[in-house]
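The values are calculated or read from the model by the stated rules, or taken from the named source; none is laboratory data. Because the structure is a prediction, the values reported are computed rather than measured. With ideal geometry, Cβ positions are generated from the backbone for all residues, glycine too; neighbour counts draw on all protein chains shown.
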Amino acid sequence: MNPLRIRTVGVAITAVAGITYALCVVWDVLLPSSAMHPAWQAFFPGFTWSVGGVALGLVEIVLYSFFVALVFVPIYNTLQRRENLRGPRSARA
């Protein structure tokens with residue numbers, strides 16, 4: 001099995017997180033009574049309800065996503081290598 005690549009996983013996580021972020025921003029605009037503004041400010045330092053603040057939140061999503069990939073991929077690849085060295089396991093009943 002090929003090892004995971006940080007860039008590929010980072011882009012995949014960024015895509016999922018970016019789409020989720022965009023949907024949440026749209027949700028907050030459409031339903032302001034259910035807005036998550038305090039949560040956005042906690043998760044994304046500098047976030048405001050302006051074009052620049054929303055864009056900054058998106059940039060932070062990219063940075064957070066690549067941070068997750070930088071931590072996850074080496075751990076996964078190390079564990080996968082160890083599993084491959086053990087060889088195939090027989091099915092347990």
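To keep it simple, each residue is scored yes or no on (1) at pLDDT 95 or above; (2) in contact with a Lys or Arg (Cβ under 9 Å, 6 or more places away or on another chain).
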{"position": "Pro3", "(1), (2)": "no, yes"}
{"position": "Thr20", "(1), (2)": "no, no"}
{"position": "Ser34", "(1), (2)": "no, no"}
{"position": "Trp49", "(1), (2)": "no, no"}
{"position": "Val54", "(1), (2)": "no, no"}
{"position": "Gly57", "(1), (2)": "no, no"}
{"position": "Ala69", "(1), (2)": "yes, yes"}
{"position": "Arg82", "(1), (2)": "no, no"}
{"position": "Ala93", "(1), (2)": "no, no"}
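Could you tell me whether any residue of segment 12-28 is in contact with a Leu (Cβ under 8 Å, 6 or more places away or on another chain) and touching a residue at least 40 places away in the same chain (Cβ under 8 Å)?
Yes: one or more hits.
Look at Asn77 and say whether it is loosely packed, with under 11 Cβ neighbours inside 10 Å, in contact (Cβ under 8 Å) with a residue 24 or more places away in the chain and either in contact with a Ser or Thr (Cβ under 8 Å, 6 or more places away or on another chain) or assigned to a helix (DSSP H, G or I) (or both).
no
Does segment 45-57 contain at least one residue that is in contact with a helix residue (DSSP H, G or I) (Cβ under 6 Å, 6 or more places away or on another chain), among the hydrophobic types (A, V, I, L, M, F, W, C), surrounded by 13 or more Cβ atoms within 10 Å (Cβ to Cβ) and outside any helix (DSSP H, G or I)?
Checked segment 45-57: at least one residue is in contact with a helix residue (DSSP H, G or I) (Cβ under 6 Å, 6 or more places away or on another chain), among the hydrophobic types (A, V, I, L, M, F, W, C), surrounded by 13 or more Cβ atoms within 10 Å (Cβ to Cβ) and outside any helix (DSSP H, G or I).
Report, by residue number, each residue of segment 3-44 that is exposed (fewer than 11 other Cβ atoms within 10 Å of the Cβ) and outside any helix (DSSP H, G or I).
Leu31
Answer yes or no: is there a residue in segment 39-50 that is in contact (Cβ under 8 Å) with a residue 40 or more places away in the chain and under 13 Å from the mean Cα position of the chain (by Cα).
Checked segment 39-50: no residue is in contact (Cβ under 8 Å) with a residue 40 or more places away in the chain and under 13 Å from the mean Cα position of the chain (by Cα).
Does Val71 satisfy the criteria of being surrounded by fewer than 12 Cβ atoms within 10 Å (Cβ to Cβ) and under 16 Å from the mean Cα position of the chain (by Cα)?
The answer is yes for Val71.
Restricting attention to segment 59-68, does a residue exist that is among the β-branched types (Val, Ile, Thr), surrounded by 10 or more Cβ atoms within 10 Å (Cβ to Cβ), touching a residue at least 60 places away in the same chain (Cβ under 8 Å) and assigned to a helix (DSSP H, G or I)?
no
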